[in-house]
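This report refers to the structure that appears directly beneath it.
Read the figures in this text as sums done on the coordinates, not as results from a lab. All values reported here derive from a predicted model rather than from experimental measurement. Reconstructed Cβ throughout: ideal geometry from the backbone, glycine too, with neighbour counts over all protein chains shown.
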């Protein structure tokens, strides 16, 4: 039975890897503009907490400035706010 589980996991991994040969490669893009993102989160401080994360970015157009905030929502709420000056050190052309 142990070998059967191992064989099934190897076959499943092999089939997933074989599908990757048909997919197109991803191209990196600069993060222009504003966004809102949501996702699941797990916290381990003060016991295990399961909740969600909400992230915001507001990009000021024509200026290298953006405002960002993240909120962890579970039994308690943790909020982080940031003002950032966006500038590029390296150019990958």
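So the values come out like this:
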| read-out | value |
| --- | --- |
| Neighbour-count ranking [beta-carbon atoms within 10 angstrom, fewest first] of 46, 86 | 46, 86 |
| Globularity index of region 35-93, i.e. its alpha-carbon radius of gyration over 2.2 N^0.38 Å | 1.46 |
| Segment residue 75-residue 44, length gained on full extension (0.36 nm per residue, minus Cα span) | 10.0 nm |
